[in-house]
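One structure is given here, and the rest of the page talks about it.
The values are calculated or read from the model by the stated rules, or taken from the named source; none is laboratory data. All values derive from a computational prediction rather than experimental measurement. Cβ placement follows ideal geometry from the backbone for every residue including glycine, while neighbour counts extend to all protein chains displayed. Side chains included, ligands, DNA and RNA excluded: accessible areas come from the protein's heavy atoms. Shrake-Rupley method; radii C 1.70, N 1.55, O 1.52, S 1.80 Å.
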Amino acid sequence: MTFARSMLAVFLLLAGPAPAFAQVVTEAPLVEEGNALVLTSVGHKFTLPLPDWLTPAERLSGNVQPLVETSFRSDPTQALLEIYPKGETPEQWTTLYGARITLEASRPLTDYRSAVMYGYSQTCNPKLSGFFQFGEDNGDDLAALGYVCGAYLDRLEGYQGQGEVMVMAFSKTEKGVAIAYQEWRGPLFDPSNPETWPVSTDVLKARAEQLQAEASLALAD
């Protein structure tokens, strides 16, 4: 099983019991509005902060989409956007910035978060992984979630000797749930020693706070 396949399994898990998942790969319905990207799909608008690896000048250019790589998949009930630094791909990346919208009106965000955590845990050596929150939950306003995986499972073909760090923020409307997340991948590391992680704790914390504050989901007009 490749890592890309295993992550697709994570997203299938998030959808819960459903008909066969026939995703269609198309150009991302993505536009830039001010200092944000807006993804419009499955009846929602998901406003996202710009990629944080861009330079200040690039972020102010008003035309960041040619500066990154994107991948978009959708079906009638869910949509998945992935953004990578220029030159990186879904198969070979060091930084992945993503957003997912799922139509699930009745699913509590806490249940959705639990599904995410379970899915990610299936890709990592359990002795070298763990989750943490950036603050406390406040009702449906869930704190940003962090995850460290010092080494992927050996069964993930092509990813032996690597690990990742991830942050994620959650959003909800009366018709759906969404996540905005970012992952950093690099050589295997010691989760107990942040100096070995593929991203600094300062960058990690700043991105978690930005996703929490600026990623917002709303029903489309």
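Against the conditions (1) in contact (Cβ under 8 Å) with a residue 24 or more places away in the chain; (2) at negative phi; (3) in contact with a strand residue (DSSP E or B) (Cβ under 7 Å, 6 or more places away or on another chain), where does Gln122 fall short? Just the number, please.
Condition not satisfied by Gln122: (3).
For the range 169-192, indicate whether the set of residues that are of a type in the set (Ser, Thr, Tyr), part of a loop (DSSP other than H, G, I, E, B) and farther than 22 Å from Ala115 by Cβ is non-empty.
Yes, the range 169-192 contains a residue that is of a type in the set (Ser, Thr, Tyr), part of a loop (DSSP other than H, G, I, E, B) and farther than 22 Å from Ala115 by Cβ.
Go through the range 123-140 and report how many residues are exposed (fewer than 13 other Cβ atoms within 10 Å of the Cβ) and under 17 Å from the mean Cα position of the chain (by Cα).
1
Filter the range 83-93 down to the residues that are modelled with pLDDT of 95 or more, surrounded by fewer than 23 Cβ atoms within 10 Å (Cβ to Cβ) and touching a Phe, Trp or Tyr at 6+ places or on another chain (Cβ under 7 Å), then identify the one that is nearest to Met168 (Cα to Cα).
Tyr84
Every residue in the range 58-80 that is of a type in the set (A, V, I, L, M, F, W, C), in contact with a helix residue (DSSP H, G or I) (Cβ under 8 Å, 6 or more places away or on another chain) and farther than 23 Å from Glu209 by Cα, please.
Of everything in the range 58-80, just one residue is of a type in the set (A, V, I, L, M, F, W, C), in contact with a helix residue (DSSP H, G or I) (Cβ under 8 Å, 6 or more places away or on another chain) and farther than 23 Å from Glu209 by Cα, namely Leu67.
Under the condition of being within 12 Å of the chain's Cα centre (by Cα) and under 22 Å from Leu156 (Cα atoms), which residue from the range 65-82 is least open to solvent (accessible area, probe 1.4 Å)?
Step by step, filter the range 65-82, then rank; the result is Leu80.
If I filter the range 96-112 down to residues being open to solvent by 30 Å² or more (accessible area, probe 1.4 Å) and either at pLDDT 90 or above or hydrophobic (A, V, I, L, M, F, W, C) (or both), which single residue comes out as farthest from the chain's Cα centre (by Cα)?
Ala105
Output the number of the condition that Gln133 fails; it satisfies all remaining conditions of (1) in contact (Cβ under 8 Å) with a residue 60 or more places away in the chain; (2) of a type outside the set (D, E, K, R); (3) under 12 Å from Val167 (Cα atoms).
(1)
Hey, among the residues in the range 46-57 that are open to solvent by 60 Å² or more (accessible area, probe 1.4 Å) and more than 16 Å from the chain's Cα centre (by Cα), which one's farthest from Ala213 (Cα to Cα)?
Taking the candidates together, the pick is Ala57.
Out of all the residues in the range 60-72, which are part of a strand (DSSP E or B) and among the small types (Gly, Ala, Ser)?
Ser71
Restricting to the range 191-219, and then to whatever is of a type in the set (A, V, I, L, M, F, W, C) and free of Cβ contacts under 8 Å to residues at least 40 places away in the same chain, can you tell me which residue is most open to solvent (accessible area, probe 1.4 Å)?
Within the range 191-219, the match that is most open to solvent (accessible area, probe 1.4 Å) is Ala213.
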